[in-house]
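See below for the structure under consideration.
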Amino acid sequence: MDDEKKAGPRRLSDDETRARRAAAIAKLGYWDADLENNILHHSREYVSVHGLPPDTVVTRQEQVLELIHPDDIERVTAEFNMVDRAKMPYSTEYRIIRPDNGEISHIQEIGEIVTDEAGTVIGHTGTSQDVTEQRYNRAKLERALAESEMNLRSRDLFLANMSHELRTPLNAISGYAELLTTLDATRLTAEKANGYVRAILQASQHLTNIISDILLQVELQRDMRPAEHQLVDIAEFVDDAIGISGLRLEPDFGHINIDIQPVDAVARFDTRLVSQALINVLGNAVKYAGLEKGITVGFRPDAAGCYLFVEDHGDGMTKLEIQRAREPFFRGAQAVRKAIPGTGLGLSLTHRIMALHGGRLEITKAEHGGTRVTFYFPS
């Protein structure tokens, strides 16, 4: 019998210890406000939740109200007044400026009204919990869901366009090849044959660029390896990229201006990746601005390293298009309206390629209209 009497208080003590430990882990404090005498009773965790020193004794609710963020105090005061009038349980959330570190915490308060036999409100009782981490995680999840939804929409749009993007050059290649093989020799002049071959080369180059973009996108997503830097002769590199892009086949090829300073400039970067980036940007300049208006490809050293740029003289991009240009599969209003071919991967890939180099991609309005795309490489 004596053992049972001893076990009862011990179990009660253990339960209290566990409850306090659980409250501390959950950052949950309880309180009881006596409105008649303006006295506040609270747990130790209540003090911790509000960022007060451990030995603080809060005797009045006003001490806690003073911690509430200025942008929330009017709303919270109005809610408390409504609760007193309605005499109903409540749940509210507000921010406080913690006195221990000056940071902002989010507090969720759940309470109910205490009334006397006559129904007069004589007090409040409830809990206060620090929900900053939960709020942060919820916001992070919401951002992730929004990003996932955006990526899914972009992917669906990409897949819808891809069949057209692949069929167009394939149809051109097969169509002109068929003309070359079926036309009577007497009707096929050298000029016509050269035109058909040129069209096949242009279509095959376009198809190669599409496939290269897709394969590179997959490669960069799966293997974020460091860029393989080589010492590069810039003039030779730009000339090679222009050749690979197929721009020499264009009738207005002479409108490309090469502006490399100094003329014997060299730099270090991954030639394969940066060549793909330059080809993509050149392709965009031709599609959206037109080669006949002129395109400049330039290079400059600067205090932080060096930069390569492509500048066109088209209509330029809107602020929103510049902001979203780095998103995979994004295509601007002009591309959609004029049905300009493309996968929407070019600038996204270029952005990732520059990140691999520890550099950055910058898209701006050109000084005399059009768009300037700049690749910045660190020293």
- Item | So Ala22, is it exposed (fewer than 13 other Cβ atoms within 10 Å of the Cβ), of a type in the set (Gly, Ala, Ser) and either in contact with a strand residue (DSSP E or B) (Cβ under 8 Å, 6 or more places away or on another chain) or assigned to a helix (DSSP H, G or I) (or both) | yes
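How many residues are open to solvent by 80 Å² or more (accessible area, probe 1.4 Å) and over 23 Å from Arg20 (Cα atoms) if we restrict to segment 124-143?
7
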- Odd one out for Tyr196 among (1) outside any helix (DSSP H, G or I); (2) at pLDDT 70 or above: (1)
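Can Ile97 be described as of a type in the set (Val, Ile, Thr) and more than 18 Å from Asp84 (Cβ to Cβ)?
Working: of a type in the set (Val, Ile, Thr): yes; more than 18 Å from Asp84 (Cβ to Cβ): yes.
Considered against the rule, which asks whether it is of a type in the set (Val, Ile, Thr) and more than 18 Å from Asp84 (Cβ to Cβ), Ile97 comes out as yes.
Table: residues versus (1) under 44 Å from the mean Cα position of the chain (by Cα); (2) farther than 30 Å from Ser48 by Cα; (3) among the basic types (Lys, Arg); (4) modelled with pLDDT of 80 or more.
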| site | (1), (2), (3), (4) |
| --- | --- |
| Thr120 | no, yes, no, yes |
| Ala144 | yes, yes, no, yes |
| Phe158 | yes, yes, no, no |
| Gly175 | yes, yes, no, yes |
| Asp184 | no, yes, no, no |
- Would you check which residues across segment 286-310 are in contact (Cβ under 8 Å) with a residue 12 or more places away in the chain and small (Gly, Ala, Ser) and list them? Ala289, Gly290, Gly294, Gly298, Ala304, Gly305
- Item | Residues of segment 185-197 satisfying the condition of being of a type outside the set (A, V, I, L, M) and either touching an Asp or Glu at 6+ places or on another chain (Cβ under 9 Å) or open to solvent by less than 80 Å² (accessible area, probe 1.4 Å) (or both) | Thr189, Gly195, Tyr196
- Note on the structure: Note: among Ile211, Ile200, just one is closer than 19 Å to Lys287 by Cα, β-branched (Val, Ile, Thr) and open to solvent by 50 Å² or more (accessible area, probe 1.4 Å), namely Ile211
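The values are calculated or read from the model by the stated rules, or taken from the named source; none is laboratory data. All of these numbers come straight from a predicted model, not from anything done at the bench. Every residue, glycine among them, receives a Cβ derived from its backbone with ideal geometry; neighbour counts consider all protein chains shown. With ligands, DNA and RNA removed, areas are computed over all heavy atoms of the protein, side chains included. Shrake-Rupley method; radii C 1.70, N 1.55, O 1.52, S 1.80 Å.
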